[in-house]
Amino acid sequence: MAYVDHPNIVSNTFGYREKRALIVNGVSEQLPSKVEHLVDTDLDPRSGECSYFYNYLQYTFEHTGTQITARSYMDDASEVSILQCPDDIDIENELSGILAYLRLRYPTVKRLVQSGYTEI
């Protein structure tokens with residue numbers, strides 16, 4: 001694992017801006033274009049009751065004009081799932097930079113397909 005200069009990546013580390021990419025096993029990680037901390041609930045303001053409460057981090061990546069979305073629920077921060085990704089994309093080969101980014105942060109990476117979640 002090593003950091004190398006990269007002209008297209010700007011990160012804010014320790015209060016200063018630098019252009020560096022993290023290289024893991026020969027693959028440069030691709031940084032997300034957006035990271036959001038979101039909450040989704042059906043809280044009834046009158047009764048204070050809710051039947052679901054989802055607290056999660058959502059990552060948005062750009063890949064050849066397509067948005068790839070991954071989500072990690074805060075109640076199980078050991079796992080992230082790629083939710084929005086065209087079926088014809090070979091994740092292992094075409095999205096290796098996105099996988100490098102996610103695998104550095106989560107032990108388990110899954111993909112949502114028609115039959116459910118499958119581990120990558």
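Throughout, read-outs are computed from the coordinates displayed, never taken from laboratory work. Every value quoted in this text rests on a predicted model; they were computed, and no experiment measured them. No Cβ is skipped: glycine too gets one built from the backbone with ideal geometry, and neighbour counts run over all protein chains shown.
Find, among the chymotrypsin sites (Phe, Trp or Tyr not before Pro) in region 27-57, those assigned to loop by DSSP (not H, G, I, E, B) with at most 14 other beta-carbon atoms within 10 angstrom. List each step's numbers first, then the result.
Working: sites: Tyr52, Phe53, Tyr54, Tyr56; in loops: Tyr52.
For chymotrypsin sites (Phe, Trp or Tyr not before Pro) across region 27-57 that sit outside H, G, I, E and B with at most 14 neighbouring Cβ atoms in 10 Å, the list reads Tyr52.
Please sort 89-99, 109-119 by packing, taking for each peptide the average over its residues of neighbouring beta carbons within 10 angstrom, highest first. Write down the numbers at each step before the final one.
Numbers: 89-99: 15.7, 109-119: 12.1.
Result, highest mean first: 89-99, 109-119.
Normalising by the residue count of region 28-119, find the relative contact order in percent from Cα pairs under 8 Å and 6+ residues apart.
Over region 28-119, the number comes to 24 percent.
Using the number of other C-beta atoms within 10 angstrom as an exposure proxy, rank Tyr59, Tyr106 with the fewest first.
Numbers: Tyr59 22, Tyr106 17.
Ordered by Cβ neighbours within 10 Å, fewest first: Tyr106, Tyr59.
Once label points are set 7 Å from the Cα along Cα→Cβ at both Leu43 and Tyr73, what is their separation, rounded to one decimal in nm?
Result for the modelled spin labels: 1.9 nm.
Give me the Kirkwood hydrodynamic radius of region 28-119, using the inverse of the mean 1/r over all pairs of distinct Cα atoms, in Å to one decimal. Provide the component values of the computation, followed by the final result.
Values: mean 1/r = 0.0702 Å⁻¹.
One over the average 1/r among Cα pairs gives 14.2 Å for region 28-119.
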